[in-house]
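J.: Shown below is the structure under consideration.
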Amino acid sequence: MSNRRRVVPGVHPYDGPAGGWGALKATAIAVRTQMDALDAPATLLRTNQPDGFDCPGCAWPDKEHKSTFQFCENGAKAVTWEATSKRVTAEFLAANTVTSLLARSDFELEGYGRLTQPLAYDKASDTLRPVSWEAAFTRIGAILRTLQPNEVEFYTSGRASNEVAFLFQLFAREYGTNNFPDCSNMCHESTSVGLPQSIGIGKGTVSLDDFDKTELVISIGHNPGTNHPRMMGTLHELARRGVPIIVFNPLKERALERFADPQNVIEMATYSSTNIASTYFQVKAGGDAAALKGIAKALLRLEAEQGEVLDRAFIDEHTLGFADFARDVDATPWPDIERESGLTRGDLERVAAAYAKSNATIITYGMGITQHNKGTSNVRLIADLLLMRGNIGKPGAGICPLRGHSNVQGNRTVGITEKPSPQFLANLQRVFGFTPPQEHGHDAVKALQAMIDGESKALLCLGGNFAVAMPDSERAFPAMRGLDLSVHIGTKLNRSHLLVANETFILPCLGRTELDIQETGRQSITVEDSMSMVHASSGKLKPGSPELRSEPAIVAAMAMATLPESSVDWLSLVADYDRIRDLIEQTIPGFDQYNQRIRHPGGFRMPLPPTERIWPTPTGKAMFSVFHGVHENQQVAGHDVMRLVTLRSHDQYNTTIYAMDDRYRGVFGRRDVLFMNEQDMAEQGFEHGDRVDIRSALPGHHQRLEDITLVAYSIAPGTVAAYYPEANVLVPLDYLDKESGTPSYKSAPVRLTLRSKEIRALAGLR
């Protein structure tokens, strides 16, 4: 940062690499503040081990699933946050009203520690009070039996295991609804909708082995150092081998610039690091489609000039729609591409030249691609670019969506979807003997809208922090309070628990790190990572309280209380999770010999036909698409309109905030900041440290976020960025990708108004 900038409390440059000693220090702090010093080392060393538990953080796979040190800084934070020695007691809850707790930050709420017993909301005292498990289940069942099935929403977090997710969908469908809002609706639903149209399956096609063989990686719209931290080991290896990594991202992110691997003795001893990105393009927020079309346009020109750039044989044999795609790309003017992407024709031609030279290319992408009005079309454009050179279904190449939560993909595989296939429903009927509902249910946005409209009366949450994860909190929060019933299965207090309905129950469950003993002994659960590997996870820690129950046990008990005539033997399934997996195997293709295969270290991979160039599309071919124009979001005129990106801090995982720092971006002890290009500041009459109000620039919308401090940052012109969930209030519920229902968190039009030139003084900041 320039010396001319004003001093802003809690904002100063961080000059170190991502990872390195900074990561080890942060890990040590997480351990010291959360866990018993004797328990912590053994717990962390069981992370991602064959006889240990799967990290509750990101979904990046393990290299061999048998290494000695397979956790990262943010994984250690996730583990210690769950395995904390802090407890929420009945005495604490009696002394603190729900109203008073709501005034505290999300960080404070989860920081109180683990929930230890089932709780029910008491209106008279405005407190959460202990309730017996039996009383809770009886009352939940009684209320659900008074409601119509489609008045109930069944929400799933991506941390839920395959086993409990399967039981949860089974309960809901026997009850009579396909209302399955889940966390993937907020992030990769665009992938789940777009990729089946392009290649026939809603999953990525690469494995870790492909990264060993690739000649080029194009990284678009993600920050792996924070959001997919174990991926940094893979990128580090590639960079050290000299494989080019071309990055498109509006912000300069330290992990994509340079990284010191804490497990590399030489880098740690010499305080050195490895440059990750070979080229870094700061694309404008919402400019990804234009950039992708620019690369494709340059590729078509190279083909016309020198030939043998496109894989004609692959295109002819395996695809349809290329002529329409090429015609549209060719007709897209360069000035439109440059203006919308914020990049030059020369920039994009250089990327095309590198792509044409590579014999095996992987494109990785995150929510910078998916969370737009045309997120689904964005995903399809990436597939188009890969199909042009036959980069799907060959070693070292493919499409790689980066999932967030550790089992968000597995949940979808085992049936958490509001749009189930007829075949899946037929299989459920065959195996379980009841007729499941056929009509499509609610995704997350539709569920919230139904709650706002008074059409949905109950919300059952398998983990997560539904209200905080959703956009438009000014409407979301009151809607939660208007429900007849809310039920939350979780490990810690969060804001959604406190937005109490007429009746609210909080049911504390075992965490991923804890020992799960049922009738037949110690149980394992399974998860599916970003690359479709399914493997076992088994905790070993003593449970945080003797009152805790496992997620499968809680879901089964609710189902039995609600459906006394159920055709499912719920008790038997809870007694031995192998029995749940046997039923998954009977119901869902790809789980053959499920129980046998998860007992091998590393587990097994789900079938991915496109890796063998088999395309389960209606045509039997991979399909090119046409992206009309270059705009992936609604355009709002005005020189003062900025495009807002919502993002995580480094001390955050989705809605969970571990601490108040964002080390790599140079922000410490605070979250009330808006990152902005210094030139944009000058043009609008602002400077570093000014306090502004932000309001939606969408016509007819009045969402506001007040008193936010401007921080000068290396970010694309016309783009600003703020932390979620705080900035979610600026994203209207109807500002979304209509194909997938994914909210457009990554390019919301906003205007800034000066509130004060006076720098806010904040106590206790460094």
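Taken together, the values in this text are just the output of simple stated rules run on the coordinates, not laboratory data. For clarity, every value in this text was computed on a predicted model and none was experimentally measured. Neighbour counts are summed over all protein chains in view; Cβ atoms, including those assigned to glycine, are modelled from backbone coordinates with ideal geometry.
J.: Sum up the charges of everything whose Cβ sits under 15 Å from the Cβ of Val243, counting Lys and Arg as +1 and Asp and Glu as -1, but leave Val243 out. Working shown, then result.
T.: Details: positive: Lys213, Arg240, Arg241, Lys357; negative: Asp209, Asp210, Asp212, Glu215, Glu237.
Result for the local shell: -1.
J.: While we're on this one: Ignoring everything except DSSP H segments at least 4 long, calculate the 222 nm mean residue ellipticity for the chain; use -39,500 (n - 2.57) per segment, divide by total residues, nearest 500. It would help to have the intermediate numbers written out before the result.
T.: Details: 32 runs with 276 residues, N = 766.
Rounded to the nearest 500, it is -10000 deg cm²/dmol.
J.: Still on this structure, please answer the following. Under 5 Å between amide hydrogens, which residues at least 5 positions from Leu216 or on another chain qualify, with H placed 1.01 Å from N in the peptide plane?
T.: Long-range HN contacts for Leu216: Ala360, Ile362.
J.: Then there's this: Could you please state, rounded to a whole Å, how far the C-alpha centre of the range 77-92 is from the C-alpha centre of the range 593-640?
T.: About 38 Å separates the Cα centre of the range 77-92 from the one of the range 593-640.
J.: Mind checking the log10 I(q)/I(0) for the range 336-476 at q = 0.10, 0.11 Å⁻¹? Debye, one equal scatterer per Cα, no solvent, two decimals.
T.: Log-scaled intensity ratios, in q order: -0.58, -0.68.
J.: Quick one: if you stick a label point 7 Å off each Cα along the C-beta vector at Asp330 and Glu439, how many nm between them?
T.: 4.8
J.: Of the peptides 731-739, 220-228, 315-323, 294-302, how do they stack up when ordered by the mean number of other Cβ atoms within 10 Å, highest first?
T.: Details: 731-739: 20.8, 220-228: 25.0, 315-323: 16.2, 294-302: 22.7.
Sorting 731-739, 220-228, 315-323, 294-302 by mean packing, highest first, produces 220-228, 294-302, 731-739, 315-323.
J.: Which of rounded, prolate or oblate describes the range 189-402 when judged by the alpha-carbon gyration tensor and an a/c cut-off of 1.5? Each step should come with its number before you reach the end.
T.: On the way: a/c = 1.62, a/b = 1.52, b/c = 1.07.
Since a/c reaches 1.5 and a/b is larger than b/c, the shape of the range 189-402 is classed as prolate.
J.: Order of 570-583, 384-397 by packing, highest average Cβ count within 10 Å first? Before the final figure, lay out each step's value.
T.: Working: 570-583: 19.4, 384-397: 22.7.
In decreasing order of mean packing, 570-583, 384-397 become 384-397, 570-583.
J.: Follow-up. Which of the three applies to the range 294-397, rounded, prolate or oblate, going by the alpha-carbon gyration tensor with a ≥ b ≥ c and a/c under 1.5 meaning rounded?
T.: On the way: a/c = 1.44, a/b = 1.16, b/c = 1.24.
Rounded is the answer for the range 294-397, as its axis ratio a/c remains below 1.5.
J.: Would you please classify the overall shape of the range 333-391 from the alpha carbon gyration tensor, given that a ≥ b ≥ c denote the square roots of the eigenvalues, rounded means a/c under 1.5, and beyond that prolate means a/b larger than b/c while oblate covers the rest?
T.: Details: a/c = 2.04, a/b = 1.06, b/c = 1.92.
Oblate is the answer for the range 333-391, as a/c is 1.5 or above yet b/c matches or exceeds a/b.
J.: Step through the residues of the range 239-246 one at a time and calculate ³J(HN,Hα) from phi using the Karplus curve (6.51 cos²θ - 1.76 cosθ + 1.60, θ = phi - 60°), rounding each to whole Hz and writing x for Gly and Pro.
T.: Each residue of the range 239-246 in turn: 4, 5, 7, x, 6, x, 10, 9 Hz.
J.: Sort out for me the Cα centre separation of the range 494-555 from the range 675-742, rounded to whole Å.
T.: 37
J.: Taking the DSSP beta bridges in the chain as the whole, what percent of them are antiparallel, to the nearest 5?
T.: Working: 41 of 92 bridges.
Around 45 percent antiparallel, to the nearest 5.
J.: Roughly how many whole Å is it from the C-alpha centroid of the range 277-291 to that of the range 433-460?
T.: The range 277-291 and the range 433-460 have Cα centres spaced 37 Å from each other.
J.: Moving on to the next point. Scan the range 490-570 for GluC sites (Glu not before Pro) in coil per DSSP, keeping those whose Cβ has at most 10 other Cβ atoms within 10 Å, and list them by number. Provide the component values of the computation, followed by the final result.
T.: Details: sites: Glu503, Glu514, Glu519, Glu528, Glu547, Glu565; in loops: Glu519, Glu547, Glu565.
When the GluC sites (Glu not before Pro) of the range 490-570 are filtered for loop state and at most 10 Cβ neighbours within 10 Å, Glu519, Glu565 remain.
J.: While we're on this one: Which whole-number percentage describes the relative contact order of the range 631-766, with Cα contacts under 8 Å and a sequence gap of 6 or more? If you can, show how the numbers build up before the last one.
T.: On the way: 252 pairs, mean separation 46.2, N = 136.
Once divided by the residue count of the range 631-766, the mean separation gives 34 percent.
J.: From zero outward in steps of 10 Å, how is the percent of C-alpha pairs of the range 92-144 spread across the bins?
T.: Going out from 0 Å in 10 Å bins, the range 92-144 shows 21, 47, 28, 4 percent.
J.: Once Rh for the range 642-756 is found with the Kirkwood sum over Cα pairs, what is the Stokes-Einstein diffusion coefficient at 37 °C and 0.692 mPa s, in µm²/s? If you can, show how the numbers build up before the last one.
T.: Working: Rh = 14.4 Å.
D, rounded to a whole number, is 227 µm²/s.
J.: Further question on the same structure: Under a Cβ-Cβ cut-off of 15 Å, what is the net charge of the residues other than Glu189 that fall near it, where Lys and Arg count +1 and Asp and Glu count -1? Working shown, then result.
T.: Numbers: positive: Lys203, Lys374, Arg380, Arg403, Arg412, Lys419, Lys446, Lys738, Lys746; negative: Asp182, Glu418, Asp443, Asp737, Glu739.
Summing Lys and Arg as +1 and Asp and Glu as -1 gives +4.
J.: Going by average Cβ density within 10 Å per residue, which order do the peptides 635-642, 713-720 take, highest to lowest?
T.: Working: 635-642: 13.0, 713-720: 21.6.
Ranked from most to least packed, the peptides come out as 713-720, 635-642.
J.: Once phi is turned into ³J(HN,Hα) by the Karplus curve 6.51 cos²θ - 1.76 cosθ + 1.60 with θ = phi - 60°, what whole-Hz value does each residue of the range 582-587 show in order, with x for glycine and proline?
T.: My calculation for the range 582-587 gives 4, 6, 4, 4, 6, 9 Hz in order.
J.: Moving on. Ser550: net charge of surrounding residues, Cβ under 13 Å, Lys/Arg +1, Asp/Glu -1, itself excluded?
T.: Summing Lys/Arg as +1 and Asp/Glu as -1 gives -4.
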